[in-house]
Every structure is written in structure tokens, then in C-alpha cells.
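Below is one structure; the comments refer to it alone.
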Amino acid sequence: MSEFDDLKRALDAAAPAPDAARKQDNFALAMENFDDLQFSRQGNANGARPTSEHPKTGLLRGVRNMIAHFSTKGLLTASTALAAFGLVVFLPVLRDNMPNGSDLLATEQAEPVENAVSAEISDAPLIEADEVTDSLVRPKPTLLPAPAAAAKSGVPSAARSQGLTSLSADGIARTLPAPMPEFRPAPDADTEAFSEAEANPLKVTAEEPVSTFSIDVDTASWSILRNSLTYGNLPPEGAVRIEEMVNYFTYDYPTPEGDQPFKSSVGVTDTPWNDGTQIVHIGLQGAMPAQRPAMNLVFLIDTSGSMDQPNKLPLLKQSFRLMLGQLSEEDSVSIVTYAGSAGRVLDPTPASDRDTILAALDNLKAGGGTAGQAGLQQAYATAKEMAEEGDVSRVILATDGDFNIGIHDPEELEAYIAKERDSGTYLSVLGFGRGNLDDATMQALAQTGNGMAAYIDTLAEAQKVLVDQLTGALVPIADDVKIQVEFNPGLVAEYRLIGYETRALKRVDFNNDKVDAGEIGAGHQVTAVYEITPVGSDARLTDPLRYGTDPEVIDSNELGFLRLRYKTPGEDESQLIETPILADTAPLPDADFALAIAGFGQILRGSDLIGDWSFDDAITLAQGAKGADPYGYRQEAVTLMRLAQSLSQ
């Protein structure tokens, strides 16, 4: 017979009747034995032995002593019997009091009892006796999905959205606090800013025959446009600056002769998008010096937290690494940072000491908010320290759009840059990344600082700007270059300048040498395009004035007269170049490709002055005029036109 059989037989037998006398005798004997045992252990029959310990009492300690005196076999027997007894007694109670609804039942498979018990014993922390008592009296709440429990208990929907619902012992559902959500940094807000200049209007020659503007050699617009299209978006209208799109490409313009810093050329051709109108095409070609002067370059680098993206600070480092390979031992470099890390991190160093310069670049880290340093002032002060007679000094600001560089007021900033410009230090701006690119401020800073603005979105673009065109980008050959065209009202009824909206000047500014204008770098090219309507053309959009006087007819085939003013770097007085624009002038080389890009830009800006000219027309014209394209820039333009066409549908 096993012990289990004995236990079963004892449970099945009828319980004996209680005997009060026997119960009292047994109780008295138990107390006598207890006293004898205590006295024998202490060795003192007269009283308890003094001790510093608290009396060993309490429910938990009693349970521990009981378990300690169990044998392994007895413990297993007792625990098994207790588990069986609990299942028999409590399962009917739980079944009768369980709320209806299968949605309140857990659907996961229960863990095996042995594993669950062992896991609880090994992982559970030690607890005090009162905690044990409390847990025995108050059942542990059951956690249920909030919507299901709330639906059965009438919990309002607002509470259901807060987290889990607790089903207490009294059957009442209560909503527990929701767990804290996982923290994820909010994405950078799109704070890009572009100029909002309206397209140049059509002008009546008899009323306003003179057009004046500053030249522009920036190329940022094309790079931003390419970046937008590559990522599946049409570019913002303000980012489409047609003159920068056209000037991104090189053309086969005649080169200057002798000591001329640049040569101006003019061509006339039919307009591809409007029958009955013509194009006056102006091209400037800068001279390339026989020997490049030494350059003192101060890199003013934005190291704010927003620069911590692959297409920002890491691309910036790679770009400057490419440029260092083009510098000579006569050039010098310094690095100033703002935001995050701040101050001058590299003292003026010969460009031939590449290891030192590259180590300083590699150590730059992006992080933190905008520092209070006057970064721009530090950069200009460093440039003055490096300046030597005959050298070119330039600050190169590289940023993703955070222009909080020590001077906050726009007018004060412009005045400060103008003062430093007049002292001989140029300022160029390189933009990196998207999202918070402040293109409008970038353009304004570069214009005021007599420098260029470029946007670097790929290492290939860095190669183009900082390697292939390094001398043109950094070595000026003419400052404050202004263009003025006077059209002949006897031959030209209407005209409009395509692009250069942000570079417009007043007529009186042309002869005022105190008015700032753009610079031309060594080997740089500048292209400007006018659309004109000949007198008597059916394409004329305006009617002659009823009470106006007819323009004086001059016996000449001049469509207009081109004037240019420029200053030799370092000089205060400008020089004048004049060229007539003849009606029978031949088109300039590569005119069709330049016009394809100009037409593409007008389509993107939604111009209402190009008739029904379409993407297909621009693509066809550009495809047929690609010519020599050694680096594939023109083919890339055709690809972008096709992409823009698809995105616009």
C-alpha cells in the first residue's frame, strides 16, 4: 500500500465524533512539552536567557521553520495534496463567479506548472510577513485588454484609450495608467525658405526702354531642383531661378584677348516657345590668369545638431577633402566653427600640411543648439590675420541653413558683411542637406559678400564646384559687374528679362560705384536672355497708346545697346564696356541648349508667357543641342526634364 492509498482511505472514512475531554488533555500535554523544550535549550530554568535579538515570531518565520523541518518526500506529498484540495474547492467558485463573455479570458496557452513555479521562486524578491498576509487576503487583479473590459463594465471611451483595464476581486473594471510610450525624437520641421520674387514682367519699350541688373554666377538653384526631382518632388517655385539654371552649364563663348578680364558677346535668334518674337542672348567669358594668386581660406562650419546627417556634416568633410587636393603650398587654411563646438579649431595652416587639416576636419562633431559665439566675426578676424599683399582672402560658410552666427538683425548682418567686403575679404556660402535650408538668406549673404552661393547635395557636385571650378569660384577677376541694356523703341515693341529677379537694379544704380553688384571669377561665364517683340509683330501683347507719341525712328539696325561696368579687384572706380546689339547678329554657340534650360525653368514656374510650350518641346530641344558633353551634365538635364514631366502629371 502506498502513502497515497492511505491518504485516500483516510479521506473516505467517516470523521470521528469530537471528544472535548481528550482535546483538553492533549492541549495541556502539548504546552507542558513546549515549556520543557524551551528550558532545556536555554539551559536556564528560572527565566529566558537575555539576548539582543528580537523574538523570533511572525507568520513568515513560522512558515520558514515549518518548511525547514519537512523532509523532501513529505514536502512533495503535502504540496501535491494541497494543490489537489485547492482545485477541488476553488474551481467551482471561480466558475460560478466569472463574468460572462469570452473576450475576458486570456487566449494564450498557460505555462507548465513546474516551469512557472520554479521561475516565480527564482525571480521573486524577498517580502515581509505583512505583504504575504495582504496578498492572501486581496487577490491579484487580472489585466485584460482595455476595450473588452470597458465594454463589459461601462468604462467611458475616454478612459479606455488610456491603457489597460484592471478587473478587481469585486468584479469592477478599473483603468490602470497607460505605460509611457517609447521616446522618439520628432523629425525636423520643414523650415526651408526661398525668395518670393515675382517673375519679371513684360515691358513696353516706348515707356521703359532701359533694363539694369547685377550679374549672377550662383548655381544653387539647379542643384536644389535636381535634389527635389531625384527624391520625387517638383521643386518649390521660389527655388527655380532661371539665371542660375542656365549658368550651371558651360558654353562655347569667345575668350577675352589681351589684358581684358572678360569678353562680352551678343547673339540674336528666334524664340522657341513663341512665334513672332526673338531672343537677345548675352554671354560673358572670364579670363583665366596665367598664375593663380595665393589664397587664404577660412572655413566657417556649422556644427549644430541638425548637421548630424550623412548628407550634411559628413558630406561637408568629404567635399573639403576633395578641395584640399587642389590647393598649393602657398595657400593657407583655417577652420572656425559655430554651434555645438565653437571657436577656432584650426589656426592658419599651410595647405600642404594636409594631415593636420584633415585631422581637424575629422574631429568635428555635430551636436547641441546654437552657440552664442559670434562665428562670423571670428572668421573675418581670422581672415584679416592671414591676409597678405596680393593674396585672395575668402570666408567659406558651410551650413544646412542655421544662420544664427552671432548677428541676428538682418540689416546689421548685411552692413557688417559689406564692411568686411570693402576691406578685401570675400564671402561664399555652401548649402548642405534639406529640411531647414534657408536659401533666401544664403543668397543674400553671398550677394552682399561678393561671393557665390552653391548647394552641395552629392560628392559629384562637390567635385564640380570645389575641384573643376575651384579657381573660378574662389579667385575674382572683376567686382561689381553690372549690365544695362537700352532697347531701340523703333525696332523693339516689348521685351522681358528672363530671370535675375533677385538681382534687379535701378537705372541710376548703374553709374553709382557705391552700389554693390556681383563678381566674376577666373574662367567664369555669365549668360543673360531677353525675349523681345519686334515692332509690327503679331505676337505683340500690348496695344500702342492712343494719345501717346510715336517713338522716334532711327535709321539703324540696332535692336539695342549693351553697357557693362566692372571694377578691378581692389579698386574703387569702375570701367565701362559698350557693345551695340545688331538685328542681324548671328546666334551664339550653344544657344539652343541655353534656351531649352530657360524654357524648362519657365515651365516649372508656371509662366503664362510661353504659350503651349511643353516638357516635350524642352526635351526635344535639349536633346538635339547637347553637343559635347564630357561629364554628362547636359544628359542629366534631359533626364531631369523627363522626370519633372512625369511628376507633373
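Bear in mind that the values in this text are calculations on the coordinates, not laboratory data. No experiment lies behind these values; they were computed from the predicted model shown. Reconstructed Cβ throughout: ideal geometry from the backbone, glycine too, with neighbour counts over all protein chains shown.
Give, in nm to one decimal, the length gained when the segment between ALA418 and GLU198 is fully stretched (0.36 nm per residue of separation minus the Cα-Cα distance).
Values: separation 220, 0.36 × 220 = 79.20 nm, distance 2.60 nm.
Going from the current span to full extension adds 76.6 nm.
Please identify the trypsin sites (Lys or Arg not before Pro) of region 434-526 that satisfy two criteria: DSSP loop assignment and at most 11 other Cβ atoms within 10 Å. Which are they?
Details: sites: ARG434, LYS464, LYS482, ARG496, ARG503, LYS506, ARG507, LYS514; in loops: ARG434, LYS506, LYS514.
Here the sparse-neighbourhood loop sites are LYS506, LYS514.
Projected label points at ALA30 and ASP629, each 7 Å from Cα along the beta carbon direction, are separated by 10.4 nanometres. For region 465-531 and region 548-598, compute the distance between their C-alpha centroids and round to whole Å. Centre-to-centre (Cα) distance: 11 Å. When peptides 235-243, 597-605 are sorted by average Cβ neighbour count within 10 Å, with the highest value leading, the order is 597-605, 235-243. Extents of region 413-553, taken as max minus min of Cα coordinates on every principal axis and listed largest first, are 56, 34, 31 Å. When only Cα pairs below 8 angstrom with a gap of at least 6 residues are kept, region 295-473 shows a relative contact order of 25 percent. Estimated from the Cβ-Cβ distance and a Förster radius of 41 angstrom, the FRET efficiency linking ASP353 and MET288 is about 0.90. Among the listed pairs LYS312/LYS464; LYS514/LYS567; LYS263/LYS384; LYS203/LYS567; LYS317/LYS365; LYS384/LYS419, those with a Cα-Cα distance over 22 Å are LYS263/LYS384; LYS203/LYS567. Extending 7 Å from the Cα toward the beta-carbon at both LEU647 and GLU329 defines two label points whose distance is 4.8 nm. Extension gain for GLN575-THR639 works out to 18.8 nm (0.36 nm per residue, less the C-alpha to C-alpha distance).
Given the alpha-carbon gyration tensor of region 236-305, what are the semi-axes of its equivalent ellipsoid in whole angstrom, ordered largest first, with each equal to the square root of 5 times an eigenvalue?
Details: eigenvalues 210, 130, 9 Å².
Equivalent-ellipsoid dimensions as semi-axes: 32, 26, 7 Å.
The modelled label-to-label distance for the pair SER537/ALA21, using points 7 Å beyond Cα in the direction of Cβ, is 13.9 nm. Net length available on complete extension from ASP616 to THR568 is 12.9 nm, with 0.36 nm assigned per residue and the Cα-Cα distance removed.
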